[in-house]
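Visitor: For reference, the structure I am asking about is given below.
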Amino acid sequence: MSKSVSQIISDLESGATTSVALVHDCAARIDRLNPDLNAVLSVQRDDALKAAEASDARRKSGKPLSAADGVPILLKDNICATGGPTTCASRVLENYRPPYDATATAKLRAAGVVVLGKTNMDEFAMGSTTEWSAFGMSKNPWKTDHVPGGSSGGSAVAVASGMAPWALGSDTGGSIRQPAGFCGVVGMKPTYGRVSRYGLVAFASSLDQIGPFASNVEDAALLMNLIAGHDGRDSTSADVPPEDCVAELRNGRLAGLRIGRPRQFFDVEGIDDDVRSVTDGTLDILRREGAEIVDVNMPFAEEYSVAAYYVIAAAEASSNLARYDGAHYGYRAKDSANIVEMFSRSRAEGFGAEVKRRVMLGTFALSAETFDAYYVRAQKARTLIKRDYDNALKECDAILAPVAPTPAFPAGEKTGDPVRMYLADVFTLSLNLAGYCGLSLPAGFSKSGLPIGVQLLAGAFGEKGLLQTAWQLESKLGIAGSRTPAVFAR
Ligand code: GLN
């Protein structure tokens, strides 16, 4: 098991390690494992070493920028960072080098965190497996013929295989929580507006959020502290006071806590037996620790979220991706006879199949004849789904749910059937439609040795309490660090 960020920080403080040594370690592991796992798309080795040297010098002079000064991180390749490409795993942005940092990136650098490189993903974050990356899929480190989940699959694989102790991802409909669950790490989707979206390449702007990947809850809380906060450059950024997610992390209590069990997320067909037994086992632990398990009713979240999400997300994507026309942004097809041909060939050659499917679906949903029947109805369903959360959260402090109906599945299993792929997102989409916060936490293993996560979900700006509960639960589950994927031995 590689070290946790909190251990790394104490090693940096005591002088047992240096930021330069950490960068060398991570880069060596990437060199060794990435040819197989394909989790990382680019490494900014020289810049990272320079930043690490500067960090070590600050520590030496007793002036670190933050406790995490010198800790390396990988960023999902849709989060802008100067010094290297930001491709969104798309041919369209293959040569894009952002001239500015995303706010999340800038905040990390201001804390002295060292950006090592960028991670693989589904093209423009559209997907659930990373199989839609234009640069090849990532592999699940626990079973390399299985998917790691997506769309932030590369970030999950990188943390699970020790390529970096931290990574950032983005979650529009589950893209942090689901790969975290599939790879046995912690992943958090913050409340919409909690983390600035400035410099996050837009997929579905009313749903997208940046969030942390880490190997345990405390490390995720440390990273939340660094990236959260109001930002005038994102008009949807929430102007709420920042919360310290770390200081009182251990002060939560399971005894007396009310945990909601949405019956529609449990009593449905098609849930894998191992997922069911790990989720039920987690409820048993909570009960044993004195939490009260409350049966809650979330009918709309279960029934409408797949349909509503895939209309709304596609609609927003079709609008956001209009800018990649070969003139404003991105890949330009050569030798076109006129500008219309140039637009259409640039997009036809640049985008992959799934992105095209979303653009077409979204354009259809937004067209005059179908707008009311699809887009407006989806927005109404979204309101009902949010109401489900509001009602449920009146009766409980947090909701427990499976992350996905199954553990990681074999590569290629769902790429031929988009609807089956979309249906596998059934447990993660509703949280984004509601705009609330949640995390996924390793809770057990399948009989075949694949990690299985559970989600804890809470209301707007409930991150601090959610992390406290997750920390307590993690310590009772005893899963974190109990097993490591075989690649660790390599
Ligand atoms: N799997 C979902 C989709 O394909 C969610 C993706 C995400 O959260 N970025 O849209």
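The values are calculated or read from the model by the stated rules, or taken from the named source; none is laboratory data. As the structure is a prediction and not an experimental result, all values here were calculated from the model. Positions of Cβ are backbone-derived with ideal geometry, glycine not excepted, and every protein chain shown enters the neighbour counts. Just the protein is used for accessible areas: all its heavy atoms, side chains included, with ligands, DNA and RNA removed. Shrake-Rupley method; radii C 1.70, N 1.55, O 1.52, S 1.80 Å.
Visitor: How long are the semi-axes of the equivalent ellipsoid of the range 42-113, taking √(5λ) for every eigenvalue λ of the Cα gyration tensor, in whole Å from largest down?
Guide: 26, 12, 9
Visitor: Sticking with this one: Expressed as a fraction of 2.2 N^0.38 Å, the rule-of-thumb size for a compact globular protein of N residues, what is the C-alpha radius of gyration of the chain?
Guide: The chain yields a ratio of 0.92.
Visitor: Related question: What is the antiparallel percent of DSSP beta bridges lying wholly in the chain, to the nearest 5?
Guide: 65
Visitor: Expressed as a rounded percentage, what relative contact order does the chain have, with Cα pairs under 8 Å and six or more residues apart?
Guide: Taking the mean separation of contacting Cα pairs over the length of the chain, I get 18 percent.
Visitor: Go ahead and run the numbers for FRET between H328 and R288, Cβ-Cβ distance against an R0 of 45 Å, rounding to 0.05.
Guide: Between H328 and R288 the formula returns 0.20.
Visitor: At 7 Å along Cα-to-Cβ for each site, give me the label-to-label distance between K447 and S205 in nm.
Guide: Distance between label points: 4.9 nm.
Visitor: Still on this structure, I have one more. So for the chain, taking the charge dipole from beta-carbon charges (+1 Lys/Arg, -1 Asp/Glu), which of M137, P262, F364 sits furthest toward the positive end?
Guide: Selected residue: M137.
Visitor: Which value, in debye to the nearest 20, gives the size of the charge dipole of the range 407-469 about its Cα centre, when Lys and Arg are +1 and Asp and Glu are -1 at the Cβ?
Guide: In total the dipole reaches around 120 debye.
Visitor: Count the DSSP beta bridges whose two residues both fall in the range 1-128, then state the antiparallel fraction as a percent rounded to the nearest 5.
Guide: Details: 3 of 8 bridges.
Once the DSSP bridges in the range 1-128 are tallied, antiparallel ones form about 40 percent.
Visitor: GluC sites (Glu not before Pro), restricted to the range 312-378: which are DSSP loop and have at most 14 other Cβ atoms within 10 Å?
Guide: E369
Visitor: Counting only helical runs of four or more DSSP H residues, what would the 222 nm mean residue ellipticity of the chain come to if each run contributes -39,500 (n - 2.57) and the total is spread over all its residues? Write down the numbers at each step before the final one.
Guide: Working: 16 runs with 193 residues, N = 490.
Theoretical 222 nm ellipticity from helices: -12000 deg cm²/dmol.
Visitor: Between the DSSP loop rule and a limit of at most 12 other Cβ atoms within 10 Å, which trypsin sites (Lys or Arg not before Pro) in the range 259-368 are left?
Guide: Listed in order of number, the matching sites are K334.
Visitor: How would you classify the range 166-248 from its alpha-carbon gyration tensor, with a ≥ b ≥ c the square roots of the eigenvalues: rounded for a/c under 1.5, else prolate if a/b is greater than b/c, otherwise oblate?
Guide: oblate
Visitor: Heavy atoms only, probe 1.4 Å: what % of the accessible area of the range 1-44 goes to carbon and sulfur, would you let me know?
Guide: The nonpolar share, carbon plus sulfur, comes to 49 percent.
Visitor: Further, regarding this structure: For the range 396-416, list residues with backbone N below 18 Å from a point placed 7 Å from the Cα of T144 toward its Cβ?
Guide: Backbone N within reach: 409-412.
Visitor: Compare the Cα positions of A408, A104, T484 along the charge dipole of the chain (+1 at Cβ of Lys, Arg; -1 at Cβ of Asp, Glu; about the Cα centre) and return the one farthest towards the positive end.
Guide: My answer, from the dipole projection, is A104.
Visitor: Considering only protein heavy atoms and a probe of 1.4 Å, how much of the accessible area of the range 371-437 is carbon and sulfur, as a whole percent?
Guide: Roughly 55 percent of what the probe reaches on the range 371-437 is carbon or sulfur.
Visitor: Just grab the label-to-label distance for E303 and D46, each label 7 Å out from Cα along the Cβ direction, in nm (one decimal).
Guide: Calculated label separation equals 6.0 nm.
Visitor: Next up: Taking only protein heavy atoms and a 1.4 Å probe, what accessible area per residue, in Å², does the chain have with all protein chains in place?
Guide: For the chain, the solvent-accessible area averages 36 Å² per residue.
Visitor: Work out, step by step, the length gained on full extension between E341 and L65: first 0.36 nm times the residue separation, then minus their alpha carbon distance; give nm to one decimal.
Guide: Result for the pair: 94.2 nm of gain on full extension.
Visitor: So how strong a dipole does the chain carry about its Cα centre when Lys and Arg Cβ are +1 and Asp and Glu Cβ are -1, to the nearest 20 debye?
Guide: Charge dipole, the chain, about its Cα centre: 600 debye, nearest 20.
Visitor: Using 7 Å Cα-to-Cβ label points, what is the S14/K380 separation (nm, one decimal)?
Guide: Taking the two extended label points, one gets 6.3 nm.
Visitor: A follow-up question, please. Would you report the distance distribution of C-alpha pairs in the range 246-335 as whole percents per 10 angstrom bin, up to the bin with the largest distance?
Guide: 13, 24, 22, 18, 14, 8, 1
Visitor: Another question, then. Suppose every K and R has +1 on its Cβ and every D and E has -1 on its Cβ; what is the size of the dipole of the range 161-231 about the Cα centre, in Debye to the nearest 20?
Guide: In total the dipole reaches around 120 debye.
Visitor: Just add up the charged neighbours of T130: K/R +1, D/E -1, any other residue whose Cβ is under 12 Å from the Cβ of T130.
Guide: Here the count lands on -3.
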